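Structure, as structure tokens:
The values are calculated or read from the model by the stated rules, or taken from the named source; none is laboratory data. What you see is a predicted model, and the numbers here were worked out from it, not measured in a lab. Every residue, glycine among them, receives a Cβ derived from its backbone with ideal geometry; neighbour counts consider all protein chains shown. For the accessible areas, the whole protein counts, side chains as well, though only heavy atoms, and no ligand, DNA or RNA atoms are used. Shrake-Rupley method; radii C 1.70, N 1.55, O 1.52, S 1.80 Å.
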Amino acid sequence: ATMVQKYQSPVRVYKHPFELIMAAYERRFPTCPLIPMFVASDIVNEYKSEDGAIQVIERRCKLDIDAPRLLKKIAGVDYVYFVQKNSLNRRERTLHIEAYNETFSNRVIINEHCSYTVHPDNEDWTCFEQSASLDIKSFFGFESTVEKIAMKQYTSNIKKGKEIIEYYLKQLEEEGITSVPRWTPPVACKSESSTSHPRRPVSPAINIPESATKEGLSSKEILNTSSSPSEPTAGTPEDKLDADYIKRYLGDLTPMQESCLIRLRQWLQETHKGKIPKDEHILRFLRARDFNIDKAREILCQSLTWRKQHQVDYILDTWNPPQVLQDYYAGGWHHHDKDGRPLYVLRLGQMDTKGLVLSINEEGLRRCEENTKVFGRPISSWTCLVDLEGLNMRHLWRPGVKALLRIIEVVEANYPETLGRLLILRAPRVFPVLWTLVSPFIDDNTRKKFLIYAGNDYQGPGGLLDYIDKEIIPDFLGGECMCEVPEGGLVPKSLYRTAEELENEDIKLWTETIYQSASVFKGAPHEVLIQIVDASSVITWDFDVCKGDIVFNIFHSKRAPQPPKKDSLGAHSITSPGGNNVQLIDKVWQLGRDYSMVESPLICKEGESVQGSHVTRWPGFYILQWKFHSMPACATTNLPRVDDVLASLQVSSHKCKVMYYTEVIGSEDFRGSMTSLESSHSGFSQLSAATTSSSQSHSSSMISR
């Protein structure tokens, strides 16, 4: 069984009276130079009521379909015949047109219904609507080819329909015909004219059932059976889309795209009694699913349910960011980009919550509407500029990544196609890790909108200037525009929640914390063991030196260290919480023989926050070590420097304190290249291969070769 293709047009409004449009329409017959495939038409049947108000003409039309020669040969035909039945009611000022195919009618069923009616709000204007269905039962194994040809021919004719009427209107005008009198009843039937006819609303477009036309019902009977009287007037223009509105507010859509929008919208009106999303928003769901109406309907319904559950419709009025966000969050709306899209600037979001993400998206929708009015053309998405200056491993925690993926998931499911472009600036060395973890979960359509710039590349050719006007580039990016977006700031650790707390909260802070703290003493470093099975893994760490100065090392050993014995901790065995201190490297082990150093030692001062990653070359055991850093005497004089002396006085009892988090990211999580971590640059060009600039011309925005 093949799929039935359906088409439903928007309402096309001609600002001319019905009678003039009819005069233009009749000139299409018997042939029309603007439709080369319309070779001939013969009248096979004609009926006219006595008073001349009703006229039904049935024509047999001969079409020369533009199809491959071979297909015509297989089908054994040169021409395709259609039967077209026009029912004109001059009294009610309506013309209903039905057409169906006569050739191959047992294999292919094509039905079309068109109507010209008076505009409900202006009796000197005329509305046109058309709908059609195509059902290919079988066609010598060429079903899909025939479907493509039929759709192509049909859509090109839809576009021509308007031109043809306008062409003949112009011809009439050149001949001096600018108005055609309305029908008036012949004087004899006085009684008839005294009952005035209420104007009918624009009739809903109807697919006429094939059987009805075959059984020879008149069009009037068909129309009456199809739209049952109980139905509310489904045709008032408020709930119909007209072609001019679509062009102005929604953009250039192909006929089939318009049709999908109209049908999905109609379905929503029939099934969802509550609040129906705006047309722009319905269109986003269709775009997100390449105008597959069933798939779009599915994600749209899920989203409508989600909006109800989370009362998203009220978020802009009711949601207030928690104080911690007001103090530390760094993001805000900032003018618009070169395409008129609202621009959101995000300065390395240290934190994020559900409420925030949703309110940005809701506000984004509102701003798009506003800009559509301001710029006089459809603007349906916004641009996000993310400045990663200062991004650290804190964003790479599994919980953090999970949170990020959850955000992406929520946004893609409920705000599809709202992000027009994502500019990622000053991407640091750790960014490729994040990108390779996250990108597989991002829809391909969305991924194409990402542009990633490492370091200061955004200032070069193909950079920011291609997307944002010079005057509004924010000051912190070297532009001249004072940007009100706050800098945010590091959230104090005291505000972090434990994983348990977070599990229990409904609106979680979406970056969960899993810090451990350790004590480091002179002669007693703190060591953490990481066993690596798969050679190409990535060990990541993030630690804060809370007190004292330390040296950070990372070692590799082929054999497992002995588990530490309780008593070996000796005097330093501190039981208090947060005092954990573990030694793993055996006193008898020799560096270079039993274990080796894989990164050079890093001296970290009190108060520093350190993030890093190491790509493991070999399987085996890796040991992260935080060691007490004793003050070296000043090299030049061999005398201790004053500030060193002061510093050493402050370190009470030779004890340091570290808060750390470490994690191994398995190579299976890596979709990018491992080398992306080795240097801050090499990885970017591979990562962003798919993210070149939208206008494909600037290959230079392919990050730092």
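Calculate, for residue 239 and residue 456, the FRET efficiency according to 1/(1 + (r/R0)^6) with r their C-beta to C-beta distance and R0 51 Å; round to the nearest 0.05. Provide the component values of the computation, followed by the final result.
Numbers: r = 53 Å, r/R0 = 1.03.
E between residue 239 and residue 456, to the nearest 0.05, is 0.45.
Which loop trypsin sites (Lys or Arg not before Pro) in the range 96-169, with loop taken from DSSP, have no more than 14 other Cβ atoms within 10 angstrom of their Cβ?
Sparse-neighbourhood loop trypsin sites (Lys or Arg not before Pro): 137.
Once the Cβ-Cβ distance between residue 375 and residue 470 is put in as r, and R0 is 22 Å, what FRET efficiency do you end up with, to the nearest 0.05?
0.70
Below 8 Å between Cα atoms, with a sequence gap of 6+, how large is the relative contact order for the range 5-175 in percent?
In percent, rounded to a whole number, it is 25.
For residue 168, what accessible surface area do you get with a 1.4 Å probe? Give it in Å², rounded to 10.
We get 10 Å² for residue 168.
Using θ = phi - 60° and the Karplus relation 6.51 cos²θ - 1.76 cosθ + 1.60, list the HN-Hα couplings for the range 359-366 in order, rounded to whole Hz, with x at every Gly or Pro.
Result, rounded to whole Hz: 5, 4, 5, 5, 5, x, 4, 5.
Any chance you could run the full-extension gain for residue 406 through residue 143? It's 0.36 nm times the residue separation minus the Cα-Cα distance, nm to one decimal.
Length gained, residue 406 through residue 143: 90.4 nm.
For residue 40, enumerate residues with amide H under 5 Å from its amide H, sequence gap 5+ or separate chain, H modeled in the peptide plane.
Answer set, sorted by chain and number: 62.
Distance in nm between label sites at residue 79 and residue 31, each 7 Å beyond Cα in the beta-carbon direction?
Placing both labels 7 Å beyond Cα along the Cβ direction yields 0.9 nm.
Equivalent-ellipsoid semi-axes (√(5λ), Cα gyration tensor) for the range 243-310, whole Å, largest first?
20, 13, 11
Please report the carbon-and-sulfur percent of the accessible area for the range 5-175; probe 1.4 Å, protein heavy atoms only, DNA, RNA and ligands left out.
That fraction is 51 percent.
Between residue 124 and residue 294, 0.36 nm times their residue separation minus their Cα-Cα distance comes to what?
Going from the current span to full extension adds 57.3 nm.
Do the alpha carbons of any pairs in 170/247; 137/247; 295/338; 148/448; 48/137 sit beyond 26 Å of each other, and which pairs?
From 170/247; 137/247; 295/338; 148/448; 48/137, over 26 Å: 137/247; 295/338; 148/448; 48/137.
Hey, what did the range 243-310 get for relative contact order, percent, Cα under 8 Å, at least 6 apart?
That works out to 26 percent.
Report the GluC sites (Glu not before Pro) located in the range 12-72 that are in a DSSP loop and have at most 11 other Cβ atoms inside 10 Å of their Cβ, or state none.
Passing sites in the range 12-72 are 50.
Could you check the spin-label model distance between residue 55 and residue 269? Points 7 Å from the Cα along Cα→Cβ, value in nm.
Going by the 7 Å Cα→Cβ label model, 3.2 nm.
On a full-extension model of 0.36 nm per residue, what is the gain between residue 276 and residue 48, subtracting their alpha-carbon distance, rounded to one decimal in nm?
Result: 77.6 nm gained on full extension.
In whole Å, what three semi-axes, largest first, describe the equivalent ellipsoid of the range 1-80 built from its Cα gyration tensor (square root of 5 times each eigenvalue)?
Result for the range 1-80: semi-axes of 30, 19, 15 Å.
At residue 103 and residue 163, where each label point lies 7 Å from the Cα along Cα→Cβ, what is the point-to-point distance in nanometres?
Placing both labels 7 Å beyond Cα along the Cβ direction yields 2.3 nm.
So if we plug the beta-carbon distance of residue 40 and residue 156 into 1/(1 + (r/R0)^6) with R0 = 22 Å, what FRET efficiency do we get, rounded to 0.05?
Computed FRET efficiency for residue 40 and residue 156: 0.65.
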